[in-house]
Amino acid sequence: MSAAIMMQAVRDSMLVISVMPMLGMEMIRLEATPLELTAIDKIHGRYAKASYADLNRKLTPDLNWDVLQQLCSAELPTGNEKARLQYAFGEQTIELVIDYGKRQLDGPVRVTNQPLKKYTEVDISQWL
């Protein structure tokens, strides 16, 4: 499956990753700070919050703030226009292939937390 992804970042503060697999409609949103992640499933009306330690109990290799920030700012050590990252969730493997050809660096960014009132909070273990 492939999807359009929009990544916005305020360096050393917050990242927002929006996944839009069809027609530009945001289906999943990930909000990350240096301390925690919030994943919002807009289709099923739910969200989960987790620390990096909570997430990394099920995820291989470990994910942390530095990796996310490098991913969003195209500063991965490969130096390529494309980044390939593989993560395993138990028996499932997800490969991210990111093409940085259309990036905009240091542009105006409006990053705010998504209001969560209309979503149901679930435990992160239900997603992993």
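The values are calculated or read from the model by the stated rules, or taken from the named source; none is laboratory data. All figures in this text were calculated on a predicted structure; none of them were measured in a lab. Note that each Cβ is placed from the backbone with ideal geometry, even for glycine, and that neighbours are counted across all protein chains shown.
Confirm whether Ala53 is assigned to a strand (DSSP E or B), among the hydrophobic types (A, V, I, L, M, F, W, C) and over 19 Å from Val97 (Cα atoms).
Values: assigned to a strand (DSSP E or B): no; among the hydrophobic types (A, V, I, L, M, F, W, C): yes; over 19 Å from Val97 (Cα atoms): yes.
Considered against the rule, which asks whether it is assigned to a strand (DSSP E or B), among the hydrophobic types (A, V, I, L, M, F, W, C) and over 19 Å from Val97 (Cα atoms), Ala53 comes out as no.
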Inside the stretch 11-45, can you point out the residues that are exposed (fewer than 14 other Cβ atoms within 10 Å of the Cβ), over 22 Å from Asp123 (Cβ atoms) and out of contact with any helix residue (DSSP H, G or I) (no Cβ under 9 Å at 6 or more places or on another chain)? Ser13, Met22, Leu23, Gly24, Met25
Conditions: (1) modelled with pLDDT under 80; (2) more than 14 Å from the chain's Cα centre (by Cα). Asp12 meets all but one. Number of the miss? (1)
So which residues in the stretch 56-80 are crowded, with 16+ Cβ neighbours inside 10 Å, part of a loop (DSSP other than H, G, I, E, B) and at pLDDT 80 or above, if there are any at all? Leu63
Residue that is over 22 Å from Pro115 (Cβ atoms), of a type in the set (A, V, I, L, M, F, W, C), out of contact with any Phe, Trp or Tyr (no Cβ under 9 Å at 6 or more places or on another chain) and at pLDDT 85 or above, where the choices are Ala53, Ala88, Ala4: Ala53
